[in-house]
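Accompanying notes for the structure given below.
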Amino acid sequence: MPQLLAITGSPSVNSRTAVVADHVLRRLSHAGFTTAHLSVRELPAADLLSARRGEPEIRRAVEAVAQADGLIIATPVYKASYTGLLKAFLDLLPQDGLAGKTVLPLVTGGSLAHVLTIDYALRPVLAALGARHVTAGRFVLDSSVERGDGPDRLRPEAELDLFQAVDEFAASLRAVHGAGAALTTAP
């Protein structure tokens with residue numbers, strides 16, 4: 001069974017990006033994939049920023065990437081690009097740290113003006129790290145993440161669009177690894 005890891009690069013405790021990533025992981029988990037979530041903000045800041053690869057938490061995070069068959073890389077847009085927090089983590093990976101991996105890029109932001117962040121900022125670094133296949137990513141508007149008294153959720157139109165990207169990601173993983181159940185349009 002393929003191992004999937006979501007890496008979120010938001011520095012926010014109440015991250016909409018993490019909500020989106022968790023939504024994706026639930027869908028993939030229901031389809032039979034083994035999933036985990038790495039929030040870069042939870043890594044020791046001094047070790048991350050000083051590139052202390054040998055420190056236990058940093059080493060475990062890098063090893064989790066190495067062991068994953070597929071990655072969901074999720075980030076909010078900051079200054080028309082992915083976050084510096086995510087960049088600091090990606091810089092810890094070896095030059096071929098994504099070799100052989102299928103990657104689903106996800107970006108959240110407040111305006112559609114940043115929709116090209118996936119293709120012009122995130123996709124090039126994923127390719128430079130050797131990703132086998134970077135699937136069509138998705139940009140999710142912050143306003144599509146609804147918060148309230150119950151669990152956070154996505155607006156239905158955003159959820160359908162996101163699930164289309166997730167289905168393509170899962171199909172790519174199944175083509176390589178032959179595992180995981182087929183996904184349906186229901187959450």
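The values are calculated or read from the model by the stated rules, or taken from the named source; none is laboratory data. Since this is a predicted model, take the numbers as computed values, not measurements. Neighbour counts run over all protein chains shown; Cβ positions are idealised from the backbone, glycine included. Surface accessibility is based on the protein's heavy atoms, side chains included, excluding ligands, DNA and RNA. Shrake-Rupley method; radii C 1.70, N 1.55, O 1.52, S 1.80 Å.
Points worth noting:
- Residue within segment 87-94 that is in a helix (DSSP H, G or I) and surrounded by fewer than 14 Cβ atoms within 10 Å (Cβ to Cβ) present: no
- Any hit, segment 101-115, residues being surrounded by 15 or more Cβ atoms within 10 Å (Cβ to Cβ), under 21 Å from Leu4 (Cβ atoms) and more than 12 Å from the chain's Cα centre (by Cα): yes
- Residue within segment 56-64 that is over 15 Å from the mean Cα position of the chain (by Cα) and either within 12 Å of Leu106 (Cβ to Cβ) or part of a loop (DSSP other than H, G, I, E, B) (or both) present: no
- Any hit, segment 71-85, residues being open to solvent by 30 Å² or more (accessible area, probe 1.4 Å), under 25 Å from Gly109 (Cα atoms), of a type in the set (Phe, Trp, Tyr) and within 13 Å of the chain's Cα centre (by Cα): yes
- Residues in segment 2-11 that are among the polar types (S, T, N, Q) and modelled with pLDDT of 95 or more: Thr8, Ser10.
- Residues that are of a type in the set (Val, Ile, Thr) and more than 17 Å from the chain's Cα centre (by Cα), drawn from segment 117-158: none
- Subset of segment 123-143 that is of a type in the set (Gly, Ala, Ser) and crowded, with 16+ Cβ neighbours inside 10 Å - its residue that is nearest to Val107 (Cα to Cα): Gly137
- Identity of the residue in segment 1-43, under 21 Å from Ser81 (Cβ atoms) and among the polar types (S, T, N, Q), that ends up most open to solvent (accessible area, probe 1.4 Å): Ser12
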